[in-house]
Amino acid sequence: MTPRKRRSRIYWRGGRAWIDARDYSDVGGAREPLVAPGERSATADEATAQVLTARRVEQLEALRRGRTLQGITRVSTLQLFARDHLVAKAKAGNTTTRWLASSEQHLRRACEFFGAHRDLTTMGVADVREWATWLATLPGRGALMSGGTVRHHLNTLSNLYRRAQAERYVIPGYNPVASLMEKPSARRVEAKWLEVHEAALFLEAARTHKPTREDLASPFAFPLVATFLLTGGRRAEVLGLEVEDVSFDRRTVTFRPNAWRRLKSSTSHRVVPMWTQLEEILRAYVFGASGPPGRLLFPSLATGGEAMLTDFRKLMGRISVRAGWKPAGITSRIFRHTYCAARLQTVDRGAPVSEWTVGRELGHGGHALVRRVYGHLGTVRHRTEVVEYPLETYRSILKERLDSMGL
């Protein structure tokens with residue numbers, strides 16, 4: 001008897017081609033859209049569908065033949081494993097919500113390019129290189145996606161493959177991203193920061209800032225800016241400070257995890273000096289009439305109950321304009337760099353302060369980032385025993401800008 005000819009694997013939905021590969025379900029086969037590389041939806045061209053079908057069947061056949069030899073015991077698609085990978089990361093509690101959201105976006109773009117049903121074992125170095133090239137054509141901030149952003153995408157996919165190795169979805173050592181010889185990288189430019197006299201000007205602008213509406217006025221603009229500039233704390237670290245983290249007896253500020261926010265790493269839990277200038281500013285704020293009403297040092301005023309402040313860009317914008325900068329010119333990251341640069345100019349028991357000491361105050365595990373990223377040398381040299389931004393010392397340098405501010 002003549003065997004009945006198998007019907008085509010290709011079928012159509014709304015004019016788009018799909019493949020029925022359910023007979024390969026043991027290696028991840030299913031009903032899948034036939035999406036050409038770089039496309040977002042299934043192809044509508046019959047010839048292209050035939051090529052993609054042949055390629056997919058070839059991949060599934062190779063997987064079926066090779067899994068026993070390779071010792072791979074589990075099967076998953078890129079989309080399904082990406083989901084499980086992110087869930088595992090979230091449960092571990094070692095990453096921030098922002099990092100998880102960013103990683104999800106990176107892996108969503110990987111699924112868009114490679115195909116959601118792509119088997120992890122079928123992606124090679126050439127595929128990853130094509131993905132990196134495609135990513136560089138996508139819009140980014142101001143223009144196309146930068147080399148640094150593309151590198152972040154590659155790192156996310158590489159991290160996914162590390163888990164895939166550990167859980168036996170691919171053989172040990174299989175990581176097409178790690179095998180890529182030439183990877184894009186960020187263009188190295190010096191980060192923005194303020195010299196001591198510029199920081200003094202911004203601090204004075206915060207002190208003398210007059211809000212346009214009293215009902216929307218922030219009572220802690222001046223102490224908030226001072227805390228950023230005189231501790232070097234990260235944005236969430238400073239916004240999540242509680243009143244009890246500030247010790248006027250020991251003259252310290254403690255950054256520790258609490259119910260409002262976590263810290264970035266284990267070395268982020270630290271105690272930094274409360275410099276004299278900051279002590280005077282915070283003492284007047286904490287014990288004054290407009291002091292914090294609850295546990296948080298800088299609470300949000302937008303809600304009925306106590307909540308952590310999350311957005312203060314408009315406030316920074318108004319202060320920036322008053323001091324002569326663009327509305328979006330100054331950020332909390334600039335304050336962190338500024339503190340590091342100022343701290344490196346101080347002396348500790350008569351000798352220049354150790355880079356290790358500065359790194360620990362910034363919440364780093366060593367001094368590498370101080371040397372490579374956060375350390376800056378300005379045009380105005382100064383050596384003091386404390387970090388401070390005295391306006392009177394630099395009044396002659398700032399005369400024109402102070403005159404424009406009416407000071």
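Descriptive notes on the structure:
- Only one of R188, R151 that is out of contact with any helix residue (DSSP H, G or I) (no Cβ under 9 Å at 6 or more places or on another chain), under 30 Å from S332 (Cβ atoms), among the basic types (K, R) and open to solvent by 30 Å² or more (accessible area, probe 1.4 Å): R188
- Those residues of region 193-248 which are open to solvent by 10 Å² or more (accessible area, probe 1.4 Å), out of contact with any helix residue (DSSP H, G or I) (no Cβ under 7 Å at 6 or more places or on another chain), within 18 Å of P299 (Cβ to Cβ) and part of a loop (DSSP other than H, G, I, E, B), in sequence order: P211, A217, P219
- Residue ID - farthest from Q79 (Cα to Cα), chosen from residues in region 10-30 that are open to solvent by 20 Å² or more (accessible area, probe 1.4 Å) and modelled with pLDDT under 90: D23
- Enumeration of residues in region 375-407 that are β-branched (V, I, T) and at pLDDT below 85: T379, V380
- Any hit, region 351-363, residues being in contact (Cβ under 8 Å) with a residue 60 or more places away in the chain, of a type in the set (S, T, Y) and part of a helix (DSSP H, G or I): no
- Contact annotation: residue pairs with Cβ atoms under 6 Å, 6 or more positions apart or on different chains, pairing a residue in region 230-250 that is in contact (Cβ under 8 Å) with a residue 24 or more places away in the chain with a partner that is among the polar types (S, T, N, Q) and surrounded by fewer than 20 Cβ atoms within 10 Å (Cβ to Cβ), are D245/T254.
- Of the helices (runs of 4 or more DSSP H) lying entirely inside region 92-174, the ones with 1 or more residues being in contact with a Pro (Cβ under 6 Å, 6 or more places away or on another chain) and closer than 25 Å to A236 by Cβ are found at 147-166.
- Flag for I319 being open to solvent by less than 20 Å² (accessible area, probe 1.4 Å), part of a loop (DSSP other than H, G, I, E, B) and of a type in the set (V, I, T): no
- Candidates are the residues of region 373-398 that are loosely packed, with under 11 Cβ neighbours inside 10 Å and of a type outside the set (A, V, I, L, M, F, W, C); the one that is nearest to the chain's Cα centre (by Cα) is T379.
- Close pairs (7 angstrom Cβ cut-off, 6 or more residues apart or separate chains): within 21 Å of L78 (Cα to Cα) in region 145-157, open to solvent by 50 Å² or more (accessible area, probe 1.4 Å) anywhere: R151/K183; R151/S185; R151/A186; H153/R109; L154/K183
- Residues located in region 322-350, provided they are assigned to a helix (DSSP H, G or I), among the hydroxyl-bearing types (S, T, Y) and surrounded by fewer than 23 Cβ atoms within 10 Å (Cβ to Cβ): S332
The values are calculated or read from the model by the stated rules, or taken from the named source; none is laboratory data. Nothing here was measured: the structure is a model prediction, and the numbers come from that model. Backbone-built Cβ (ideal geometry, glycine too); neighbour counts: all protein chains shown. With ligands, DNA and RNA removed, areas are computed over all heavy atoms of the protein, side chains included. Shrake-Rupley method; radii C 1.70, N 1.55, O 1.52, S 1.80 Å.
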